């Protein structure tokens, strides 16, 4: 069954908010835009360039973004493209996603829709949540029964990875019953998690769904969920912001985590094969691995799972 015109508008509104070209360039195409304008990132960038040359695709993605914006490195379109391609070659889903966006919008590279789709498919196969979410919104916007079902499934996959944009979109669909069966409790739980993560747009919808839950018969479960929503809304979330500390801390954290794998240092003992750690060679060596779940660029940059 196709979506109604009004319901289709909800999907398109979510898509337009998430993929506004200006917002996309700062939030996704270059999540560190403006970070190095007030403080020098020279030391951290040198580390990331070294890691990129040693085979780290995620480091190459950051270097490419820095060259694209002139933030941290002198603006250079050719170098930006070159490092993004290095990132793709080293199987970084972040690099795949960013370069796909560049091809889609004709940013840095000449517009090529087919290449954009190919790279997005690669990022999706690598289970990169922002790429999964983007494809989900595209499929939902087509407004056909098969694409709606596939889009909802992908949206759930991205939400399961705690991508906040996907969680919010899924909550809205469950709340309204758009494209899927209405699930007030499921939507309420998503709103609750989003509020606890500091997602301000969820507060209004959480209040609305609380009123709807209060009207349901058999109030035990409803009362419990309403109480949990109220508790989440009442929590004070404190964010400490310090420009110099944040910039150096985030970039240094990225470099340290990538270096800790032992995969990208050509000077390391045990393996001199680019992109291969000493533990992969079968030799006796010690390797300090990054913490589990610290794989995506945005998570490493911000310390927050989205």
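The values are calculated or read from the model by the stated rules, or taken from the named source; none is laboratory data. All values derive from a computational prediction rather than experimental measurement. We place every Cβ from the backbone using ideal geometry, glycine too, and count neighbours over all the protein chains shown.
Looking at segment 88-102, can you tell me whether even one residue there is surrounded by fewer than 16 Cβ atoms within 10 Å (Cβ to Cβ) and touching a helix residue (DSSP H, G or I) at 6+ places or on another chain (Cβ under 8 Å)?
yes
Just a yes or no: is a residue in segment 108-131 at positive phi, part of a loop (DSSP other than H, G, I, E, B) and without any contact (Cβ under 8 Å) to a residue 24 or more places away in the chain?
Checking segment 108-131: not a single residue is at positive phi, part of a loop (DSSP other than H, G, I, E, B) and without any contact (Cβ under 8 Å) to a residue 24 or more places away in the chain.
Looking only at residues in segment 39-89 that are in a loop (DSSP other than H, G, I, E, B) and touching a residue at least 40 places away in the same chain (Cβ under 8 Å), which one is nearest to residue 99 (Cα to Cα)?
56
Applying the selection to segment 164-188, what residues are farther than 19 Å from residue 211 by Cα and without any contact (Cβ under 8 Å) to a residue 12 or more places away in the chain?
181
Taking residue 172 as the residue in question, decide whether it is modelled with pLDDT of 90 or more, out of contact with any helix residue (DSSP H, G or I) (no Cβ under 6 Å at 6 or more places or on another chain) and either under 23 Å from residue 137 (Cβ atoms) or assigned to a helix (DSSP H, G or I) (or both).
When the stated conditions are applied, residue 172 passes them.
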